[in-house]
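Notes follow the structure.
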Amino acid sequence: TSSMRSDAAIAPAPSIGVPVTAADPGADPRRGAPEGGLLVQLGCGPNKLAGWVNIDAEATYAPDILWDLRKGVPLPPESSDVIYSEHFFEHIELVDGLALMRSCLACLRPGGTMRIAMPDLADTVQRYLSPAWRDQDWLRDPVYDYIDTAAHMLNVSMRAWEHRYVYDEDDLLL
């Protein structure tokens, strides 16, 4: 996996007060969700979550809602308790990602939470600058044995897996 922040609040959105959190893949995205609340997963791909409204643009994944999220979240304002995304935002252009984040905030109920798991640009750059750049879980996979320099690692991190934009914390403070 790519480098991630811990599953802790990054910061409340200044004008709205909605906590935007970074979530580690595999962590329970339901944490803190009210019983019976509307739980939404964006860009579910093949990893649909039971009890969640799973949204994706690929029909082959059989999402609950087939929708291109670059058009925003197809839910009414203040209807969702938790909106979760794991490795989706980095696959759309920055302008679309920021517009989608604002759409998510509009769909959250007061006190709702948005959790985003994605590669962390600052962490990736710090690893690039470190003599121990190779000490990353994903680089232990033999498929990445061809990565032989820190610059190669950085470029693969930014360009591979169809990434369009890799965010840092400042990008997430809406």
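Brief remarks follow.
- The H on the amide N of A117, modeled in the peptide plane, is under 5 Å from the matching H of A23, S85, E86, H87, each at least 5 residues off or on a different chain.
- Rough spin-label spacing in nm, given labels placed 7 Å along Cα→Cβ, for K48 and H91: 1.6 nm
- Each residue, D64 and D171, gets one label point 7 Å from its Cα in the Cβ direction; the gap between the two is 2.8 nm.
Each value in this text was obtained by applying a stated rule to the coordinates, not by laboratory testing. Because the structure is predicted, anything quoted here is derived from the model rather than measured. Glycine gets a Cβ as well: all are built from the backbone with ideal geometry, and neighbour counts include every protein chain shown.
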